[in-house]
Amino acid sequence: MYHKEQLKSVLIEVRKSGKVDPETLGSLTEAEREVVYTLYGENLISEALLFLEELDTEEEWRQFMKKTVDSRKRPVSFIRPVMKYAAVLVSFLALGYFFFQDKDGKSAPIEATAIKLKMGENNVKVLQKGQSQQIVSNAGKVLGVQNGDKITYKVDSEIDELVYNELEIPFGKIFNVELSDGTLIHLNSGTKIKYPVKFLKEGKREVFLEGEAYFKVAKDAKHPFVVHANEVAVEVLGTEFNLTSYDEDAEINTVLVEGSVSMGNSVKPEDHIILTPGTKGTWDKNSHVTNTENVDVGLYTGWVSGEIVFRNTMFSAMQKRLERSYNVSITNYNTMLANKVLNARFNVNIETIDDVMKSIGEIYPLKYEIRDKEVIIQ
């Protein structure tokens, strides 16, 4: 049996206190408790209360909850949101037990420009950089908080097993995450990272990266920190370094800022190197050869503050970074420009993609057109 007024009173109490008190959930059914934890985790308490106001009768509420529970038994549900706030509520209810449907019965996709936090196979949160919210597990446990462009995980969360979250940063955006051990990671555009919500007391601290990130690793001599990037693994105890591993790039690069790191690969396990500050380690995906060179670390870490720096870089290589940083597609019909070696510095917080193209045009004459998010160079 489901009771709208009981759920409503619980939601009002949660909104007042800012937390979920298990003692207040005693009068609710298991399904309703699950709804409360979900709405709390998604910051939808106020929207849910408005939704409940527009359900005219207890019978209407019981029918809604029945559809909610029944949908968990089917691979796809076809719940029709009939109230003003139903679309908002249904899309987040039951932690992914539903697929929110559009008018044609198709799943409504998450926008490609959204920052996504995956907390399970069927639970994906869309993050807004200006938000402040708690990060709550499927079981209703608070794992951490989001403040603006950063998620901070709790060191004392009630987790005693290895549970992973995954962050996906779209083109044109940068985001930050502080892991439960205090390690701070800056994530560049077009990056995915998978990490434990809490590191266990034994074993290594391991994360998995696709894209680019700047790591400030918390020191812990008993638990080495390992970043896996395809076939490459970078192991440290506590240090700062930048790791680049985009799928479309021919190389995986590690640039060490301070401390020391070991860089190895699974193709040739015996072929590993120790980097020192100011050194870049490069692993070629085709030849499987590792090389090192001394570099200006600022050229590789400036992106953290919005800087994009190019030194003796062909435009064809610049093109990929500009597409990621500005969330645009660049089509270049100027073959001479593609092989032109350029030096440039831009800041995505100051210059637009139009400013960038104008600056390049001053160095190498070209004609271009910008259509929405597409840049066409003639």
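Quick rundown of the values:
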item: Count of the range 158-204 residues which are within 26 Å of Lys373 (Cα to Cα), in contact (Cβ under 8 Å) with a residue 60 or more places away in the chain and open to solvent by less than 50 Å² (accessible area, probe 1.4 Å); result: 8
item: Contacts under 7 angstrom Cβ, first residue in the range 14-27 being closer than 16 Å to Leu49 by Cβ and in contact (Cβ under 8 Å) with a residue 40 or more places away in the chain, partner surrounded by 10 or more Cβ atoms within 10 Å (Cβ to Cβ) and of a type in the set (A, V, I, L, M, F, W, C), 6 or more apart; result: Val20/Val14; Val20/Val36
item: Flag for Gly140 being in a loop (DSSP other than H, G, I, E, B), within 25 Å of Asn349 (Cβ to Cβ) and open to solvent by less than 50 Å² (accessible area, probe 1.4 Å); result: no
item: Subset of the range 205-222 [in contact with a Lys or Arg (Cβ under 8 Å, 6 or more places away or on another chain), farther than 27 Å from Glu374 by Cα and modelled with pLDDT of 95 or more]; result: Val207, Phe208, Leu209
item: Count of the range 129-158 residues which are among the basic types (Lys, Arg) and in contact with a Leu (Cβ under 7 Å, 6 or more places away or on another chain); result: 1
item: Matching residues, the range 1-59, being modelled with pLDDT under 65 and of a type in the set (Val, Ile, Thr); result: Thr57
item: Among the residues listed as Lys198, Lys150, Lys141, Lys154, the single one being farther than 24 Å from Ala112 by Cα and touching an Asp or Glu at 6+ places or on another chain (Cβ under 8 Å); result: Lys141
item: Hey, Tyr300 touching a Lys or Arg at 6+ places or on another chain (Cβ under 8 Å) and either without any contact (Cβ under 8 Å) to a residue 12 or more places away in the chain or open to solvent by 50 Å² or more (accessible area, probe 1.4 Å) (or both) or not; result: yes
item: Residue check, Glu270 within 25 Å of the chain's Cα centre (by Cα) and acidic (Asp, Glu); result: no
item: Selection count, the range 26-38, where residues are within 32 Å of the chain's Cα centre (by Cα) and open to solvent by less than 50 Å² (accessible area, probe 1.4 Å); result: 6
item: Residues that are closer than 17 Å to Glu323 by Cα, in contact (Cβ under 8 Å) with a residue 12 or more places away in the chain and open to solvent by 80 Å² or more (accessible area, probe 1.4 Å), drawn from the range 339-377; result: Arg345, Asn349, Ile350, Lys373
item: Selected residue (criterion: nearest to the chain's Cα centre (by Cα)) from residues of the range 326-338 that are open to solvent by less than 30 Å² (accessible area, probe 1.4 Å) and over 13 Å from Lys367 (Cβ atoms); result: Val328
item: Selection from the range 229-288 of residues that are assigned to a loop (DSSP other than H, G, I, E, B) and either among the acidic types (Asp, Glu) or open to solvent by less than 30 Å² (accessible area, probe 1.4 Å) (or both); result: Glu231, Gly238, Thr239, Tyr246, Asp247, Glu248, Asp249, Glu270, Asp271, Gly278
item: Test result for Gln133, open to solvent by less than 20 Å² (accessible area, probe 1.4 Å) and at pLDDT 90 or above; result: no
item: Qualifying residue in the range 240-260 (condition: more than 21 Å from Phe208 (Cβ to Cβ) and β-branched (Val, Ile, Thr)); result: yes
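The values are calculated or read from the model by the stated rules, or taken from the named source; none is laboratory data. Every value quoted in this text rests on a predicted model; they were computed, and no experiment measured them. All Cβ positions, even for glycine, are placed from backbone atoms using ideal geometry, and neighbour counts span all protein chains on display. Just the protein is used for accessible areas: all its heavy atoms, side chains included, with ligands, DNA and RNA removed. Shrake-Rupley method; radii C 1.70, N 1.55, O 1.52, S 1.80 Å.
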